[in-house]
Amino acid sequence: MKFMKLGSRPDTFYTSESVRSISSEISCDLMIQVQGTRYLLHKFPLLSKCLRLQRLCSESPESSPCQIVQLPKFPGGVEAFELCAKFCYGITITLSANNIVSARCAAEYLQMTEEVEKGNLIYKLEVFLNSCVLHGWKDSVVTLQSTKAFTLWAEDLNITSRCIEAIASKVLSHPSKVSHARRGRDDTQSCNGAESQQSKDSKKVISKGWWAEDVADLGIDLYWRTMIAIKSRGKVSPDLISDALRMYASRWLPNISKHLYADKQVKTDNESDSTNEATSKHRLLLESIISLLPLDRSAVSCSFLLKLLKAANILKASSSSKMELARRIGSQLEEATISDLLIPSMSHTQETQYDVDIVITILEQFMLQAQSPPTSPPKAGGGFQRQRSRSAENIKFEFQESRRKLSASHSSKLKVAKLVDGYLRVVACEKKLPLAKFLQIAEALPEFTRLEHDGLYRAIDIYLKGHPELSKNERKRLCKVLDCKKLSTETSTDAAQNELLPLRVIVQVLFFEQARAAKEGQEAANLPCNIKALLDSHDDSPRPLGSSVTSKALRADGQWSISGHGTPKSNISTLKMKLAEDEDLDENFTDETEKSPRTKAFCALPNRPKKMLSKLWYINRHRSEKV
């Protein structure tokens, strides 16, 4: 840190009976009162350099040998006034980045200009500020920090903007060219170049983001202006901007978990006002950080965005800030984890622990932004319509790029589907989670994104166990999102014995599992023609997305899509009891499957479900005997 000394006389100020005076053979004739402190001084040295004191003394009558002058709202307080007074007396004073702002504001208040005397304090302070302080990195940051106590004065004197420009210009420079970049706070150097502490041995290799830690010391107002100045130059990479914002958020955003149940606690009026004030400051800080996020998608991690969203929920940030975060999170949702999505709910209208509405919004944004690009290049209208600027190579390259983006989009949807199933398993335990919202999350993604439904089945099972009050129709509605043929053998076994599932689901589980077992055992020839046709239409071999055979087997408007996992070991007696309880199964099941051509084979099975199950068990026993 650089410093400058002015004056040569020793300090002779002393305090006597709460009055500050200066040792002198000449009696004092001027008393100045600054913020409750009285100074007994002399007119001649002060009035010769301070135009304001000249005017005040001329305006007030001399009622006593010692004239009294009041200086209310003096910038910098008694410290700054005493520094100016010592300068008038020629007493040695030391200026640095720590006190130059207060000294400059005080000199401006006293009007210590060149019009009064050549080489006055304002001139010397300006020279020191421009030639020394703003040339050093650490000095510029410290000076900018000190302007916070003199906001209006610093703005009028253009000190704040000069510091910000100096910092922004140094950020773009190589660290080796920046004076005192990332050095210790104890390093000092006089303006004439003499060093009081050597730092050559302490120099270290400095990274590209060397400036972020020092800038993070600034308050949010000054930090925001500084980051805007840095970003406006367009030469700092978005990654460095993101790292700087992450560092600032971790330093200034508090551990806001204590605010989770703040509204439920009984507080006094003073405590409530204090909490509201702190929350408002943190909310402003958070929204400012959000506004500074770089537009580059890859620059900001999804985890950091979700942390900001959690803070926004707790601090009750504006809806526009939340929506901006949801939009950005949706564009890179495949990078998130289940714990990232567990956002605390702060709404008084919701009784759930986690905010599922914001997750639904994120999923909607993900689907809006994950629309697949075209899979083929545009066809040429003819040889004469081909544009000269687009060669065959360019078209081929664009086609390959579109296919690459399609593959990336499809891959991200598969990852998000697994993420959603894991999230549903967690929130399914919520007693107050409505069925409609559970289904809204489960159905947010296309069917092809789930290659297997084991995770979705587990989430449904947890929801059924946590909500025993569900009616039969509600359980059927819940299980409608499940595709039984995408369940593994282990999960099918569990589903076939799960008494919480609707009977229709268990029937489908048993059918597909027995059919699959028969096919794997090479006994497909023994199956009826209708089962063969159904088996072929539900082959599990991979197919392209555009294939006519999709994953919507046994699904039509209002038809059950759950393909469960039944095994020969399932308890058939339990199924018979369920069949007895659900006598209307035949009629409803037949009506629901009439609309789907692919389920005609299934509808052609024996009319009563009991007979169908007996048929399947017979096939399995026959297979077991041959083995």
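The values are calculated or read from the model by the stated rules, or taken from the named source; none is laboratory data. Computed from a prediction, not measured in an experiment: that's the story for all the values here. In this analysis, Cβ positions are derived from the backbone assuming ideal geometry, glycine residues included, and neighbour counts consider all displayed protein chains. Note: areas computed on protein heavy atoms with side chains; ligands, DNA, RNA excluded. Shrake-Rupley method; radii C 1.70, N 1.55, O 1.52, S 1.80 Å.
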I need a count of the residues in the range 143-175 that are more than 18 Å from residue 211 (Cβ to Cβ) and open to solvent by 20 Å² or more (accessible area, probe 1.4 Å). 12
Can you tell me which residues in the range 75-103 are more than 14 Å from residue 45 (Cα to Cα) and either out of contact with any Phe, Trp or Tyr (no Cβ under 8 Å at 6 or more places or on another chain) or of a type in the set (S, T, N, Q) (or both)? 77, 78, 79, 92, 94, 96, 97, 98, 99, 102, 103
Within the range 14-50, restricting attention to residues that are under 55 Å from the mean Cα position of the chain (by Cα), touching a residue at least 24 places away in the same chain (Cβ under 8 Å) and open to solvent by less than 70 Å² (accessible area, probe 1.4 Å), which residue is nearest to residue 67 (Cα to Cα)? 32
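Can you name every residue in the range 482-506 that is in a helix (DSSP H, G or I) and of a type outside the set (Gly, Ala, Ser)? It would help to see each step written out before you state the result.
So in the range 482-506, the residues in a helix (DSSP H, G or I) come out as 484-486, 489-496, 503-506.
Answer for the range 482-506, where residues must be in a helix (DSSP H, G or I) and of a type outside the set (Gly, Ala, Ser): 484, 485, 486, 489, 490, 491, 493, 494, 503, 504, 505, 506.
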Could you tell me whether the range 91-103 includes any residue that is free of Cβ contacts under 8 Å to residues at least 40 places away in the same chain and surrounded by 24 or more Cβ atoms within 10 Å (Cβ to Cβ)? yes
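Among the residues of the range 57-74, which ones are within 56 Å of the chain's Cα centre (by Cα) and under 21 Å from residue 26 (Cβ atoms)? Working first, answer last.
Within the range 57-74, the subset within 56 Å of the chain's Cα centre (by Cα) is 69-74.
Of everything in the range 57-74, just one residue is within 56 Å of the chain's Cα centre (by Cα) and under 21 Å from residue 26 (Cβ atoms), namely 69.
Of the residues that sit in the range 131-142 and are in a helix (DSSP H, G or I) and farther than 12 Å from residue 164 by Cβ, which one is most open to solvent (accessible area, probe 1.4 Å)? Quick ask: steps written out before the conclusion?
To start, the set of residues in the range 131-142 that are in a helix (DSSP H, G or I) comprises 131, 133-135, 137-142.
Now narrow it down to the ones that are farther than 12 Å from residue 164 by Cβ: 131, 133, 135, 137-139, 142.
Details: 131: 53, 133: 0, 135: 110, 137: 0, 138: 23, 139: 3, 142: 17 Å².
For the range 131-142, the residue satisfying everything is 135.
Residue by residue, here is whether (1) more than 17 Å from residue 441 (Cβ to Cβ); (2) of a type in the set (A, V, I, L, M, F, W, C) holds:
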site	(1), (2)
456	no, yes
467	no, no
477	no, no
481	no, yes
487	yes, yes
500	yes, yes
507	yes, yes
So how many residues does the range 59-94 have that are assigned to a strand (DSSP E or B), of a type in the set (A, V, I, L, M, F, W, C) and touching a Leu at 6+ places or on another chain (Cβ under 7 Å)? 2
Keeping to the range 450-473, report how many residues are open to solvent by 70 Å² or more (accessible area, probe 1.4 Å) and either assigned to a helix (DSSP H, G or I) or of a type in the set (Ser, Thr, Tyr) (or both). 4
